[in-house]
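Encoded as structure tokens, the structure appears first; notes follow it.
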Amino acid sequence: MRVITIEEHYADKRINDAVAKYGSSTNLADFSKEVRDAYNSMRFTGEYLTDFDRLRLDFMRKQKVDMQVLSYTNPVPDTVPKAEAVRICKLANDILAGIVEKHPDRFSAFATLPMADPEEAAKELERCVKELGFVGALITGPWQGKFYDDPMFFPIFKKAAELDVPISWHPEFTAAKIQNYYYLSENYPLKAGMMFATAGFGWHLDVGLHVTRLVLSGIFDKLPNLKFICGHWGETIPSMLDRMDQIMRPEVTGLKKKISDYFHENIYFTPSGILSKSQLEYMVKEFGAERIIWALDYPYIPFESCSLDFLTDSELTEKEKELIAHGNAERILHLN
Ligand code: CA
């Protein structure tokens, strides 16, 4: 069984240095020094992100992964300020194209887009797809406090629909004011609060909210061919869809369809390395195996717990396993 995984990260020192110099959307300066130092110490820059010939291919052999679709790791340079956004994102994409060119049968790529300049971002997406052979884009947000339902970002989504490539959504650090209000507390350890605000919960909720804002803005009524990919089994949203349908009906939202319809028809889901049997069963039952794409979130998942056995030993049919392991990725990303 061919295996393609689609949330697999890379990094490059030149890009990290540029992001450190120009800043990203989440301004660590807004936090207290204690929080800032703790976040800076967390940022993973290990060679698993930068070594493609040895560590990564070795991981792929062990985990039976035939192809990784690569994307930049956090902090993703897509939210750097406008003055440098285009240059840095183009550099990140050119570096990635070089990696794919060296191992075209093992790697494919999601573009990084300069969200600060949506017209340029749309052009860069077109360049990446048509000239570099990329298969979509990975975005984080919001940008400088602006969510992407703002009409200024529409050209990016219009271009993705036109090119028939998906936009994959990825979490980023949540704004300091949100973290301070919701997640950090004197009543539990700082580290627990920081994980609650980010990789343990908060930044997933952030993506779920962001994608739902796009749905509510009518993006899929305007661009019915647009496709999103949500990791981490849907970033907290799937379990709330029945409630949203009940309360936010089309006569309330002004949308053509129920909110859940867009999640069933325009959005694809991945485990992002959260290999939970009950989540897999629920998501296949709710959305169908044809909407789930295998993803391991390399190199952040503990390597001992990302075996393909999770999928092959599951109670899904062979056809369902094939769709999740490679069939859906091949179809959506045009990887054949
Ligand atoms: Ca990730």
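The values are calculated or read from the model by the stated rules, or taken from the named source; none is laboratory data. Treat the numbers as computed from the prediction; the structure is a model and nothing was measured. When we count neighbours, we look across all protein chains shown, and the Cβ atoms used for this are built from the backbone with ideal geometry, even at glycine.
Annotations
- Among the residues of segment 88-109, those identified as in contact (Cβ under 8 Å) with a residue 60 or more places away in the chain and out of contact with any Asp or Glu (no Cβ under 6 Å at 6 or more places or on another chain) are 88, 91, 92, 96, 99, 108.
- Output for segment 97-116, where each listed residue is in a loop (DSSP other than H, G, I, E, B) and within 16 Å of the ligand (Cβ to nearest atom): 110, 112
- Among residues of segment 267-292, those that are polar (S, T, N, Q), more than 16 Å from the ligand (Cβ to nearest atom) and within 27 Å of residue 49 (Cα to Cα), counted: 1
- Within segment 47-75, residues that are touching a residue at least 24 places away in the same chain (Cβ under 8 Å) have Cβ atoms under 6 Å from residues that are among the small types (Gly, Ala, Ser) in these pairs: 49/11; 50/11; 69/108; 70/109; 72/92; 73/11; 75/24, counting only partners at least 6 apart in sequence or on another chain.
- Of all residues in segment 125-151, those being outside any strand (DSSP E or B) and under 20 Å from residue 22 (Cβ atoms) number 5.
- Among residues of segment 202-224 that are in contact (Cβ under 8 Å) with a residue 60 or more places away in the chain, those with a Cβ under 7 angstrom from a residue that is among the β-branched types (Val, Ile, Thr), sequence gap 6+ or separate chain, pair up as 216/253.
- Within segment 293-310, considering residues that are at pLDDT 95 or above and in contact with a Leu (Cβ under 8 Å, 6 or more places away or on another chain), the one farthest from the ligand (Cβ to nearest atom): 310
- All positions within segment 67-96 that are within 16 Å of residue 335 (Cβ to Cβ) and more than 16 Å from the ligand (Cβ to nearest atom): 67
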